[in-house]
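Structure provided below as structure tokens; questions to follow.
The values are calculated or read from the model by the stated rules, or taken from the named source; none is laboratory data. Note that the structure is predicted; figures quoted are calculated from it, not measured. When we count neighbours, we look across all protein chains shown, and the Cβ atoms used for this are built from the backbone with ideal geometry, even at glycine.
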Amino acid sequence: MHEFNYRGDTLCCENVPLPDIIKEHPTPFYLYSHKTLVDHFNKIKAAFKELNPLICFSMKSNSNLNVCKALVAEGAGLDIVSGGELYKALKAGCPADRLVYASVGKTESEIEYAIRKNIFAFNVESVPELIMIDSVARRLARQPRVALRLNPDVKADTHDYITTGTKEKKFGIDFKTAEDIFDNTNKYSNVSIKGIHAHIGSQITNTEPFAVAIRKILDFIEKSNIVIEWLNIGGGFGIDYGVEKARTAEDFAAKIIPLLSDKKFKLVLEPGRFIAGAAGILVCKVLYVKATRSGKKFAIVDAGMNDLIRPSLYNAHHEILSVVKLRSKPEKYDIVGPICESGDFLALDREFPGIVAGGYLAVMSAGAYGFVMSSNYNSRPRSSELMVINGGVNVVRAAETYRDLIRGEKILKEFK
Ligand SMILES: Cc1ncc(COP(=O)(O)O)c(C=O)c1O
């Protein structure tokens, strides 16, 4: 459930009518519901209560400082994947001992930064990376905590680009290599290898792949006689974008808890999409309705693939609602952006009751992997981000300006 609902014919966010917000804030903009965000975090917390996990919100899905702060205030940790995310996580006030750091390409300086900040753990993705962390730790005379990210070779039943736990993917370490590492921890005496991590993919709407991966990992732990302090099973809980049958937090918990309830180690989770996805929408304006002689109709809106790339990149479906309900006869539209690419669309062949120029649309479930994946392509300033909290509408990131587009660029003396 989320807090974007019609009151009469008008779409509202936590009862604030969108037309009122649009009057004050130019489109396109992302709009987050604080209540929905916190509610989804607490759904996972409640469902997994029996295991009292550390829930590290995956900030790659939405790294707005206010989004992170809202979750940290509820007790969340953060899952980070870069020095930049570490910087933002600390700015959001997340205690360092609630930070876990994955990524196949951590640089030496990022590793040093994370060791100095004493994060909870690195999720290590390869032997060379482990050697690098060990050598930086030796230089700094520290002993960071490490989890080996296993690649359990489990199909996640999701888009290939967001499948991460099969053996042909770049992520994680195979069981045999992991066993060698655990057998030779003396080679890495500057790190404390006390955890196991796995993340098999994102937008997984079936509970079974999680169980398969966990069973394989438990089997590995038992056979190799390893003692660990925590198991991090990553993120990946899928959500309903309007076409799939998503599972509830209880569904995921019901599958996972029985496998882990008698274990001594702590559970860590890294959900991103499940928490932030339904908590945000992208609001845009219909600029033109263009009918072609071939019978196609395009609704051209002021948000493009630079604002929300998921439809173009993954062919992802997002439900699209009219801010004020339309009543005319439904027709088929391609809802497209202004970018100079045919791949720039928000929806193709979508039945919609008579879209009119000047109207406003809401792209639903855009709170995760929305703004964070936006870009300046076609020299378009990135949109603002707004949050409704306690009935008030707040700008949590100002829209970029044209000046922002040239920030950092230097004119060569040859062109002066
Ligand atoms: C290591 C890791 N953990 C957690 C996540 C979050 O996944 P999701 O947003 O599907 O929960 C990701 C996303 O790809 C990831 O790579």
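Which of the residues that make up segment 24-34 are in a helix (DSSP H, G or I) and surrounded by fewer than 19 Cβ atoms within 10 Å (Cβ to Cβ)?
24
Condition first: within 13 Å of the ligand (Cβ to nearest atom), surrounded by 16 or more Cβ atoms within 10 Å (Cβ to Cβ), among the aromatic types (Phe, Trp, Tyr) and in the same structural domain as residue 45 (by TED's automatic domain parsing). Can you find one or more residues in segment 219-233 that meet it?
no
For residues that are without any contact (Cβ under 8 Å) to a residue 12 or more places away in the chain and polar (S, T, N, Q), tally how many sit in segment 222-277.
Residues in segment 222-277 being without any contact (Cβ under 8 Å) to a residue 12 or more places away in the chain and polar (S, T, N, Q): 1 in total.
Tell me which residues, restricted to segment 101-121, are under 21 Å from residue 199 (Cα atoms), touching a Pro at 6+ places or on another chain (Cβ under 8 Å) and free of Cβ contacts under 8 Å to residues at least 60 places away in the same chain.
Result: 114, 119.
So for segment 210-219 (the condition being in contact with a Phe, Trp or Tyr (Cβ under 6 Å, 6 or more places away or on another chain) and modelled with pLDDT of 95 or more), does at least one residue qualify?
No, there is no match, as no residue in segment 210-219 is in contact with a Phe, Trp or Tyr (Cβ under 6 Å, 6 or more places away or on another chain) and modelled with pLDDT of 95 or more.
Could you grab me the full set of residues in segment 79-101 that are part of a loop (DSSP other than H, G, I, E, B), buried (at least 16 other Cβ atoms within 10 Å of the Cβ) and touching a helix residue (DSSP H, G or I) at 6+ places or on another chain (Cβ under 8 Å)?
Hits for segment 79-101 are 82, 92, 94.
Being modelled with pLDDT of 95 or more, buried (at least 16 other Cβ atoms within 10 Å of the Cβ) and among the polar types (S, T, N, Q) is the filter here, so list the residues in segment 114-171 that pass it.
The answer is 123, 126.
Right, something else. Take the residues in segment 289-327 that are of a type in the set (Gly, Ala, Ser) and touching a helix residue (DSSP H, G or I) at 6+ places or on another chain (Cβ under 9 Å), then tell me which one is farthest from residue 377 (Cα to Cα).
316
Hey, among the residues in segment 261-299 that are surrounded by fewer than 18 Cβ atoms within 10 Å (Cβ to Cβ) and either within 16 Å of the ligand (Cβ to nearest atom) or assigned by TED's automatic domain parsing to the domain that holds residue 221 (or both), which one's nearest to the chain's Cα centre (by Cα)?
If we take residues in segment 261-299 being surrounded by fewer than 18 Cβ atoms within 10 Å (Cβ to Cβ) and either within 16 Å of the ligand (Cβ to nearest atom) or assigned by TED's automatic domain parsing to the domain that holds residue 221 (or both), then 266 is nearest to the chain's Cα centre (by Cα).
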